[in-house]
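The values are calculated or read from the model by the stated rules, or taken from the named source; none is laboratory data. Not measured: the values here are computed from a predicted model. Heads up, the Cβs are rebuilt from the backbone with ideal geometry, glycines too, and the neighbour counts pull from every protein chain shown.
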């Protein structure tokens with residue numbers, strides 16, 4: 001679009017923190033809580049123009065096998081929960097990659113050159129489309145930076 005000032009940012013996984021919480025349904029319901037997992041391996045990018053948010057984009061690709069249980073549970077429970085997540089819920093052997101594609105973004109300026117964004121979009125495993133809502137809180141760096149850190153939950 002003519003006149004757009006979109007700047008491209010690349011997610012910096014080393015400076016970022018991203019977690020998901022699995023709500024206890026089905027195979028995980030027996031543990032009587034909703035475990036939280038850290039996503040350790042991901043990559044993605046965002047194009048952002050604070051004056052024209054309609055042209056903004058965000059996408060990320062996650063290595064499904066990199067999810068790591070954060071909850072403080074017994075070693076035996078941890079092993080079982082991790083195995084059930086990988087084999088029964090995510091089916092990592094069949095779907096090793098999870099993709100998030102943003103369909104709607106809103107941003108609020110929190111300081112000069114810094115914005116907090118809320119993202120909505122679709123999360124899918126390769127060849128298995130699904131819909132979900134995600135609200136990672138991203139802070140966009142000042143214009144002189146070329147990286148983006150993500151902190152939030154899904």
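The number of residues in region 46-80 that are at pLDDT 85 or above and more than 16 Å from residue 103 (Cβ to Cβ) comes to 20. Cβ-Cβ distances below 6 Å connect no pair with a first residue in region 11-33 that is more than 17 Å from residue 123 (Cβ to Cβ), a second residue that is outside any strand (DSSP E or B) and at pLDDT below 65, and a separation of six or more residues or different chains. The residues of region 48-70 that are assigned to a helix (DSSP H, G or I) and in contact with a strand residue (DSSP E or B) (Cβ under 8 Å, 6 or more places away or on another chain), listed by number, are 53, 55, 64, 66. Taking region 13-45 as the range and being in a loop (DSSP other than H, G, I, E, B), modelled with pLDDT of 80 or more and within 14 Å of residue 68 (Cα to Cα) as the test, the residues that pass are 35, 40, 41.
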